Amino acid sequence: NHAAAAPAPQTETDLNLDPYWMPFTHNRYFKRQRPLDRLLVSAEGAYYTTVEGQRLFDCLSGLWCSSLGHRHPHIVQAVKTQLDKADYIPAFQVASPDSFRLAERIAAVAPGSLNRVFFTNSGSEAVDTALKIAVAYHRLRGEASRTRIIGREKGYHGVGLGGISAGGMVANRKMFAPLMIPGVDHLPHTHNLKEMAFSRGQPAWGAHLADELERLVALHDASTIAAVIVEPMQGSVGVVVPPLGYLQRLREICDKHGILLIFDEVICGFGRMGDWFGAQAFGVTPDLITFAKCVNNGTVPMGGVIATDAIYDAFMQGPDYMVELFHGYTYSAHALAVAAAHATLDLLHAEAVPQRFAELGRKIGDAVHGLKGEPNVVDIRNCGAAAAVELAPLPGQPGLRGLRLFEEGLKRGLLLRFTGDTVAMAPPVITTDAELDHMIEGVRACIRAVA
Ligand code: PLP
């Protein structure tokens with residue numbers, strides 16, 4: 001019984017909320033409310049427990065990262081065992097054997113010739129690493145003018161300076177304009193309510209939007225463009241699903257013009273799309289993949305970049321005693337993160353997690369579209385084992401209905417994730433039919449409550 005196991009409730013006055021500047025959070029609202037239902041103290045399986053002992057169903061697998069559910073004994077044991085052997089092992093000029101083994105295992109499940117793995121600590125670092133690799137790759141091959149990055153409107157590539165430059169979420173960019181990398185341009189986003197609202201899975205409309213890349217090539221010239229970066233499925237903005245044929249078309253145009261294609265798979269990677277990566281799920285092989293989150297079930301920070309052999313080989317020049325890529329992090333391939341990743345991969349294989357996500361995705365798709373017709377629902381989207389319900393904003397107060405819905409969810413034992421007035425759902429793979437029903441019916445009740 002989780003409620004009984006929770007520590008004694010703390011009084012609100014025990015906790016000084018002021019010093020902690022919370023990330024991506026309305027600090028003033030939160031600290032004024034002092035919401036005990038948002039103070040989480042333990043996690044197990046598909047549930048969090050609040051400081052008051054309330055259980056919350058984890059509708060988004062943490063922040064898309066704990067796809068197996070929390071504290072799986074195999075992962076917990078692997079991290080504990082590693083701690084008893086070594087806490088920290090540097091990654092520059094020395095390495096743990098397990099880092100090599102992990103890279104091999106990740107390469108084995110990546111598509112095509114994406115066989116070379118560079119480790120970071122987060123998705124943001126993975127993105128900035130991939131952009132650096134892309135630009136340096138062209139330079140090493142004698143095409144130093146290829147420096148431009150093409151991102152996409154509404155894209156989310158983390159919060160590093162490269163990621164916000166290539167990204168297309170305006171609030172994440174507008175304060176920081178002078179810090180952004182120069183020469184970036186953006187493809188149009190593919191979110192069009194008029195043409196694709198309530199599509200099930202991939203929308204039939206919109207592949208032609210990839211042709212905008214030809215327009216950008218015509219505008220800037222291919223000789224200035226290093227790479228295109230997109231999320232195969234856009235998660236953070238609220239599950240924006242690639243139109244049928246769209247990613248294929250991007251691949252063709254990149255190939256035609258010698259542009260590298262980067263898939264930011266920080267959310268899609270390691271099962272969520274019903275295959276190992278979005279690349280396989282959508283049948284398009286990029287040149288670089290960024291990953292993070294589910295690589296070790298969110299247990300210890302870890303991210304990385306998977307590059308093709310050809311990209312790696314381009315760096316292997318000059319005297320071999322010299323460093324080829326002047327880039328890396330103190331905590332690249334951190335021993336605890338590596339241990340957690342090995343255990344996670346064990347489970348992803350042994351429990352056929354990508355396939356089970358495909359199955360869960362079908363159920364989520366069936367269930368979530370049953371919310372059509374509820375008040376203010378303007379769109380429902382699903383892709384792999386992820387779904388989103390978009391609500392019309394309250395007049396003049398964008399985002400407030402989403403916040404209210406999130407708060408209604410807490411009352412009903414659901415930890416929901418909202419972005420603007422869109423609520424996203426991506427529960428862990430262990431979600432039972434009853435829990436899925438509880439989540440969807442809970443969201444229905446919340447939608448009615450905020451009508
Ligand atoms: N890229 C994508 C596609 C993401 O969804 C995210 C996080 O949600 C990131 C990058 C950033 O990852 P992190 O928060 O680990 O830096």
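We did not get these values from a lab; they are worked out from the coordinates using the rules stated. Bear in mind that the values here come from a model prediction, so they are computed numbers and not experimental data. In this analysis, Cβ positions are derived from the backbone assuming ideal geometry, glycine residues included, and neighbour counts consider all displayed protein chains.
Here are some notes:
- Pairwise label distance in nanometres, Glu153 with Glu104, each label 7 Å out on the Cα-Cβ vector: 4.7 nm
- Prolate/oblate/rounded call for the range 219-265, Cα gyration tensor, a/c under 1.5 rounded: prolate
- Residues in the range 385-415 reached by a label modelled at His189 [backbone nitrogen below 15 Å; 7 Å Cα→Cβ]: 388-393, 398-399
- The Kirkwood radius of the chain, taken over pairs of alpha-carbon atoms, gives through the Stokes-Einstein law at 10 °C and 1.306 mPa s a diffusion coefficient of 70 µm² s⁻¹.
- Stretched out straight at 0.36 nm per residue, the stretch from Ala218 to Asp255 would grow longer than its current Cα-Cα span by 11.8 nm.
- Summary of packing: across the peptides 414-421, 370-377, the per-residue average of other C-beta atoms within 10 Å ranks them, highest first, as 414-421, 370-377.
- Calculated translational diffusion coefficient of the range 99-229 (25 °C, 0.890 mPa s; Stokes-Einstein with Kirkwood radius over alpha-carbon pairs) equals 148 µm²/s.
- Cα gyration tensor shape for the range 373-419, rounded if a/c is under 1.5, else prolate or oblate: oblate
- Extension gain, Leu17 to Arg141: 0.36 nm times the residue separation minus the Cα-Cα distance gives 39.4 nm.
- Summarising the label geometry, the points placed 7 Å from Cα in the beta-carbon direction at Ala86 and Ala171 lie 4.3 nm from one another.
- FRET efficiency for Ala352 and Leu40, using Cβ-Cβ distance with R0 set to 41 Å, rounded to 0.05: 0.85
- Under the simplified labelling scheme, the Asp211-Ala434 pair shows an inter-label distance of 5.3 nm, with each label point 7 Å from Cα along Cα→Cβ.
- The range 29-107, relative contact order in percent, only Cα pairs under 8 angstrom and at least six apart counted: 18 percent
- Options Thr190, His257, Leu288, ranked by Cα towards positive dipole end of the range 76-350, top entry (Cβ charges): Thr190
- Potential extension, Arg71-Glu441 segment - 0.36 nm per residue separation minus Cα distance: 130.5 nm
- Based on Cα contacts under 8 Å between residues 6+ apart, the chain shows a relative contact order of 20 percent.
- Here the dipole of the chain is about 820 debye; that uses its Cα centre as origin and unit charges on the Cβ of Lys and Arg (positive) and Asp and Glu (negative).
- Under-20-angstrom lysine pairs by C-alpha in the chain, whenever the two are 8 or more apart or on separate chains: 6
- Simple rule: put +1 on each Lys or Arg Cβ and -1 on each Asp or Glu Cβ in the chain, find the dipole, and look at Ala103, Tyr321, Met180; the Cα lying farthest toward the positive end is Met180.
- Positive-end ranking of Gly384, Ala445, Val266 along the dipole of the chain, with charges on Cβ about the Cα centre, is headed by Ala445.
- Relative contact order, whole percent, for the range 264-343 stands at 27, derived from Cα pairs under 8 Å and 6 or more residues apart.
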